[in-house]
Amino acid sequence: MTNRIPLMAGNWKMNLDHQEAIATVQKLAWTLKDAKHDYTAVEVVVLPPFTDLRSVQTLVDGDKLDVKYGAQDVSKHSKGAYTGEISATMLAKLGVSYAAVGHSERREYHGETDTLVNDKVRALSAAGISSIVCVGEGLDVRKAGEHVPYTLAQVEAGLAGLTDEQLATVVIAYEPVWAIGTGEVATPEDAQEVIGAIRGKLAEQFSQDVADRTRILYGGSVKSSNVAEIMAKPDIDGALVGGASLDPEEFAKIARFQSHVG
Ligand SMILES: O=C(CO)COP(=O)(O)O
């Protein structure tokens, strides 16, 4: 038995300003309260744009909400002349619990590499923030049947040289690029194949203990209608949800996936 607590994280991407963020998190928290959601059984996290974080913090602290929040990216640098960057310590000061790193959109549009991902994980760990390290193959790689080795290489390089202490703050999200925002969800079997392989890789690269305790999420067109079958797979510990997380009632249903299981 493992004690990996399922994690449902909503990546808002570049959507919802700080006022919309307040309304959305309020609605999410109320919906989950009505459903008597047990946050110790399924952790619920939102990843709003940076400009929303202070407002979300004020709401969460003021109303003592159990919803956690995080960032979609972070700088590898700790401070200084890095125009436009946001440091892990700045995020920690805003009560941020998680930050995504290496999202495929950042890899594609901002040239983010596995080496940079590795530096960002280190910076976040030093600030006490959990990384959600995103990996996953594009359609060409999938078609070539290379999706497992491709994704495992991202894991290997992204986490290279990390200590047990640094790994303790890492969550991995497997997001096949062809399933992001396309409505084309990987089958639960596809997701389990790669996520199971990632867990095997963690055992080989680090230890069985690290493999057993690290949470690995699936991301790519997750909705309330498909989350339960994805979560039924043994190695899948949660979901990184894009579009569907912008609707707080839909995202609450995703977090309540167990109530859909027979
Ligand atoms: O990229 C994603 C989450 O990080 C997935 O996005 P969608 O859920 O919109 O496919």
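The values are calculated or read from the model by the stated rules, or taken from the named source; none is laboratory data. Keep in mind that this is a model prediction, so the values were computed, not measured. Positions of Cβ are generated from backbone atoms using ideal geometry, with glycine treated the same way; all protein chains shown enter the neighbour counts.
Scan region 2-14 for residues that are over 16 Å from residue 253 (Cα atoms) and near the ligand (Cβ under 10 Å from one of its atoms) and the total you get is 2. For residue 108, the stated conditions hold: it is surrounded by fewer than 16 Cβ atoms within 10 Å (Cβ to Cβ), within 15 Å of the ligand (Cβ to nearest atom) and at pLDDT 95 or above. Applying the criterion of being polar (S, T, N, Q) and within 11 Å of the ligand (Cβ to nearest atom) to the residues of region 209-262, the residue that is surrounded by the most Cβ atoms within 10 Å (Cβ to Cβ) is 245. Count of region 219-243 residues, restricted to those that are under 21 Å from residue 36 (Cα atoms) and either of a type in the set (Ser, Thr, Tyr) or in a helix (DSSP H, G or I) (or both), is 5.
Just one of (1) under 19 Å from the mean Cα position of the chain (by Cα); (2) of a type in the set (A, V, I, L, M); (3) buried (at least 17 other Cβ atoms within 10 Å of the Cβ); (4) under 28 Å from residue 233 (Cβ atoms) fails for residue 32. It is (1). Residue 171 passes every criterion in (1) in a loop (DSSP other than H, G, I, E, B); (2) within 15 Å of the ligand (Cβ to nearest atom); (3) not hydroxyl-bearing (Ser, Thr, Tyr) apart from (1).
Would region 128-138 turn up any residue that is small (Gly, Ala, Ser), surrounded by fewer than 20 Cβ atoms within 10 Å (Cβ to Cβ) and touching a strand residue (DSSP E or B) at 6+ places or on another chain (Cβ under 8 Å)? Before the answer, list the steps.
At the first step, the residues of region 128-138 found to be small (Gly, Ala, Ser) are 128, 130-131, 136, 138.
Retained after the next criterion (residues that are surrounded by fewer than 20 Cβ atoms within 10 Å (Cβ to Cβ)): 128, 138.
After this cut, where a residue has to be touching a strand residue (DSSP E or B) at 6+ places or on another chain (Cβ under 8 Å) as well, the list is none.
No: zero hits.
Yes or no: region 183-192 includes at least one residue that is surrounded by fewer than 18 Cβ atoms within 10 Å (Cβ to Cβ), within 16 Å of the ligand (Cβ to nearest atom), in contact (Cβ under 8 Å) with a residue 12 or more places away in the chain and outside any helix (DSSP H, G or I). Yes - at least one qualifying residue is present in region 183-192. Answer yes or no: is there a residue in region 70-91 that is exposed (fewer than 15 other Cβ atoms within 10 Å of the Cβ) and closer than 23 Å to residue 10 by Cβ. Checked against the condition, which is being exposed (fewer than 15 other Cβ atoms within 10 Å of the Cβ) and closer than 23 Å to residue 10 by Cβ, region 70-91 yields no hits at all. The residues in region 139-168 that are surrounded by 20 or more Cβ atoms within 10 Å (Cβ to Cβ) and not in a helix (DSSP H, G or I) can be counted, and the count is 2.
Quick one: would you say residue 213 is over 27 Å from residue 159 (Cα atoms) and of a type in the set (Lys, Arg)? The answer is no for residue 213. The residues of region 4-23 that are touching a residue at least 60 places away in the same chain (Cβ under 8 Å) and outside any strand (DSSP E or B), listed by number, are 4, 5, 6, 12, 13, 15, 16.
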